[in-house]
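Please read the structure below before turning to the comments.
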Number of protein chains: 2
Amino acid sequence: MTSFTVTVDLVMLTIRQGALHVLLIRRAIPPYQGASALPGGFVLPEEDLGAAAARELAEEAGIAAPGHLEQLASYGAPGRDPRGRVVTVAYLALLPDAPAPTAGSDAAGAEWVPVAALPALAFDHAGILADGVERARAKLEYTPLGAAFCPPEFTIAELRQVYEAVWDTTLDPRNFHRKATSTEGFVEPTGRSTAGERGRPAALYTRGSATVLSPPLLRSR
Amino acid sequence: MTSFTVTVDLVMLTIRQGALHVLLIRRAIPPYQGASALPGGFVLPEEDLGAAAARELAEEAGIAAPGHLEQLASYGAPGRDPRGRVVTVAYLALLPDAPAPTAGSDAAGAEWVPVAALPALAFDHAGILADGVERARAKLEYTPLGAAFCPPEFTIAELRQVYEAVWDTTLDPRNFHRKATSTEGFVEPTGRSTAGERGRPAALYTRGSATVLSPPLLRSR
DNA sequence: GCAAAAGTGTTCCCCCTACACCCATGA
DNA sequence: TCATGGGTGTAGGGGGAACACTTTTGC
């Protein structure tokens, strides 16, 4: 009945400049001092795992209402932390763009980094991050979670650009439009539309109430 | 930096008499003495989480080579175990039928119970089991893991009966046969076939090498 | 032969793809 | 009126659902 330390680590993803980014912090203290790492911290004595993840999310990025937060997986290999036996429960967060890169962070320098250009990471965080990105990619296929990367009201084109960034591909705008608007519960029209930009104004939508997409929106092939 | 106890719990599923069953133990000691629960135990000082799950699998059911073993999720609500702060990492195991119901078990009375007729469970195990069953149902859609419930060599009809038991539905035998045999990497023919049963002998297959089914095999609708 | 189970062929339809085309705005 | 991006129509094809039909065994 060994004694363990339990932490939560966050894979926070967002879309910036059309590319998928992850929030990384620079570690201010050993071990791995100066290295990049996923944000995270200890679970408090009377705190549930999900609550700890939500608290870290607020502390690291000043986020009160993430687009989506879900448990990813747990990692507890004996040698993964030189300080001792530490099990970390990783969470995946999907966020709308640009919630102040470092707002309220208690870690030295938090910043958004493109997942296509990652530095070396502390601990086993590279593997955790890879698992998180793959989870996000898969979830876009059969859930309406792409909208979790968007602001409260968004256009179909914005939603499509989320898919293109996460999957690193291009999609046909016309077919994507039809698919998104005709799939029950994916998006709901607000009646409002954009203005003041080039081209025809785009209708604005909010997230629909569905939890799964039926039929799914499959990648490539 | 609270101190935690870490356990692994197993959702072990198999098919018996055409129905999905789970292995439950009867707790011999408090808390929840006498109640049904998922098999599980403490993670040892120098043991990885997955290794602990594999060890418990062997101890509880005498299984050396499960059809499949994967991490499910972690549960750590503050009051989930009256003994203190216990985080459990749940694993999902899919097994071929009938590996001696209680062989080698160190818990009082382990037995296979139909998931359609569950008793009340100790701790938060009812929720963990529900998550495991849902994971299994979803995984059959887009991976070849149905074969993990089958013996090393199996017929297409046996594989179909796995899907029917897990999804609690019926499938068209002819369409399922075509789908299973024509999907790349799902099953591999052995050249052998059954004999001594009613009707035309069935060809025997082994698990294919694919990790995902493309296109997937979707439920109902 | 008959029953039973395995396996094949065929038809219909839905949905995905590709792409031609129209719509509404800013400059 | 042109450029730009939003949105609709339509034809072709792949795959699933339904089911008629053939094959191969035990009795």
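Derivation of every value follows stated rules applied to the coordinates shown; laboratory data play no part. Predicted model only: the values in this text are computed from it and were never measured. Neighbour counts are summed over all protein chains in view; Cβ atoms, including those assigned to glycine, are modelled from backbone coordinates with ideal geometry.
Given R0 = 22 Å, the distance between the Cβ atoms of B:ALA195 and B:ASP97 translates into a calculated FRET efficiency of 0.60. Highest mean packing comes first when the peptides A:185-193, B:32-40 are listed by Cβ atoms within 10 Å, giving B:32-40, A:185-193. A simple count of charges around B:PRO151, restricted to other residues whose Cβ falls under 9 Å of its Cβ and scoring Lys, Arg +1 and Asp, Glu -1, yields -3. Whole-Hz Karplus values for segment A:167-174 come out as 8, 6, 8, 10, 10, 5, x, 5 Hz, taken residue by residue from phi with 6.51 cos²θ - 1.76 cosθ + 1.60 and θ = phi - 60°; glycine and proline positions read x.
Could you give the dipole magnitude of segment B:143-207 about its Cα centre, charging the beta-carbon of Lys and Arg +1 and that of Asp and Glu -1, in debye to the nearest 20? My answer is approximately 220 debye. Inter-chain neighbour count for A:1-11: the average number of beta-carbon atoms from partner chains within 10 Å of each residue's beta-carbon is 5. Shape of segment B:5-141 from its Cα gyration tensor (a ≥ b ≥ c, root eigenvalues): rounded if a/c is under 1.5, otherwise prolate when a/b > b/c, or oblate? Rounded, because the longest to shortest axis ratio a/c is under 1.5.
Extension gain, B:GLU153 to B:GLN71: 0.36 nm times the residue separation minus the Cα-Cα distance gives 26.9 nm. From its DSSP helices (H runs of at least four residues, each -39,500 (n - 2.57)), chain A gives a residue-normalised ellipticity at 222 nm of -7500 deg cm²/dmol. Inter-label distance, B:THR206 to B:THR170: 3.5 nm, where each label sits 7 Å from its Cα along the C-beta direction. About its Cα centre, the dipole of segment B:1-138 is roughly 360 debye, where the only charges are +1 on Lys and Arg Cβ and -1 on Asp and Glu Cβ.
For the protein assembly as shown, just say rounded, prolate or oblate: build the C-alpha gyration tensor, square-root its eigenvalues into a ≥ b ≥ c, call rounded for a/c under 1.5, and beyond that prolate if a/b exceeds b/c, oblate if not. Oblate shape, in that a/c is at least 1.5 and b/c is the bigger or equal ratio.
Quick check: the angle from helix B:125-142's long axis to the longest principal axis of chain B, C-alpha only, nearest 10 degrees? Long axis of B:125-142 versus the principal axis of chain B: about 30 degrees. With R₀ set to 51 Å, the beta-carbon distance separating B:SER214 from A:GLU59 gives a calculated FRET efficiency near 0.80. In terms of overall dimensions, segment B:143-207 has a Cα radius of gyration and Dmax of 11.3, 32 angstrom. Students often get this wrong: which residues of segment A:34-51 have the backbone nitrogen under 17 Å from the point 7 angstrom along Cα-to-C-beta of A:GLU111? In segment A:34-51, the label zone of A:GLU111 (backbone N under 17 Å from the point 7 Å along Cα→Cβ) covers A:34-39. Within the straight-line cut-off of under 22 Å between alpha carbons, the lysines reachable from B:LYS139 are A:LYS139, B:LYS179, sequence neighbours fewer than 8 places apart in one chain being disregarded. With Cα atoms defining each centre, segment B:22-37 and segment A:1-33 are spaced 38 Å apart in the structure.
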